[in-house]
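Structure first, commentary second.
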Amino acid sequence: MAATRGAKRPVVRKQEEGFVGELRELLRDLFDAMPSIPPALRSTLAFAVPLVAIFLTFRKLPAMRVENGSVDSCDPIRTYGEITKSGMLSVAQLAAKPGGVFLDIGSGNGAFVLWAASKPPEGGGYNYSRGVEVMLERHQQALAKVSEASQRRGKVDLVHGNILEHLQLLSGVMLVYWNNLCFSSSESKAVLQAFTQRAPRGATLVTLAELKIEAGALPALSVRRGTSSLQMEWREEGYLPFVYTRT
């Protein structure tokens, strides 16, 4: 009997570790997907709220939404990931004027920023590539990628923080990519206004969700819809982008 009990113990421990590991991963996903959660609330979630409750919330309750003024409302858990290389190329092809300065708002691990700065045919061939990312861990991953990258590229600048606190990054840009699905309509309005004020004529802003513009509010912009979908890691069908050009 002792041998039988000993054979069962590893199985029970393995199942328990897997369950706990999944709960911890879900909690990390919550923090990654909602970087605006205050530090005090993060501590509460990490230490005071039972992990089981968090697990049930993700599995049983309807998807959380962020109303961004678009029909493509955001589910901050499932609407998260990176744009693919084919998607990067599609974004670059939407630019009214190639070259110059590129900006990725929500640059994550820096893949798009590095691709844009790399010389053709490996990349987009931009002279100066910028990225802004609110999650510190992802920002640090991007910095590590830059240090390891080939020198066959343009200048790269990576900033840690919220785009609303770094609107100066829009100055002089010729192409901006923005996965704005998880930004509110008020945040989108602030970024769009900064783009029209700081970007030169001919600059292009590519977004995944439509930016609501009141008639006549921003006459310095032309708007069109892309003709092919941008491919993303988290959504097989991709997104048909919205293209805003500074006139």
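Would you mind counting up the charge near residue 201? Only other residues with Cβ under 15 Å from its Cβ, with Lys and Arg at +1 and Asp and Glu at -1.
Charge balance in the 15 Å sphere: +3.
Given 0.36 nm per residue, what is the gain on full extension from residue 236 to residue 184 after removing their alpha carbon distance, in nm?
16.3 nm
Tally Lys/Arg at +1 and Asp/Glu at -1 over every other residue whose Cβ is under 14 Å from the Cβ of residue 192; what's the total?
My count for the surroundings of residue 192 gives +1.
Which distance in nm do the two modelled labels at residue 193 and residue 141 give, with both placed 7 Å along the Cα-to-Cβ direction?
So the label points at residue 193 and residue 141 sit 3.4 nm apart.
Can you give the FRET efficiency to the nearest 0.05 for residue 155 and residue 89, using r as the Cβ-Cβ distance and R₀ = 25 Å?
Step by step, r from the Cβ atoms, then E = 0.75.
Would you mind checking which residues have amide H under 5 Å from residue 157's amide H? H placed 1.01 Å from N; only 5 or more apart, or other chain.
Correct list: 129, 130, 131.
Per-residue counts of other Cβ atoms within 10 Å, averaged by peptide: what ranking do you get for 220-226, 174-180, 187-193, highest first?
Per-residue mean Cβ counts within 10 Å order the peptides as 174-180, 187-193, 220-226.
Each reported figure results from applying straightforward, stated rules to the coordinates on display, with no laboratory input. None of the values given here were measured: they were computed from a predicted structure. Cβ sites come from the backbone with ideal geometry, for glycine too, and all protein chains shown count toward neighbours.
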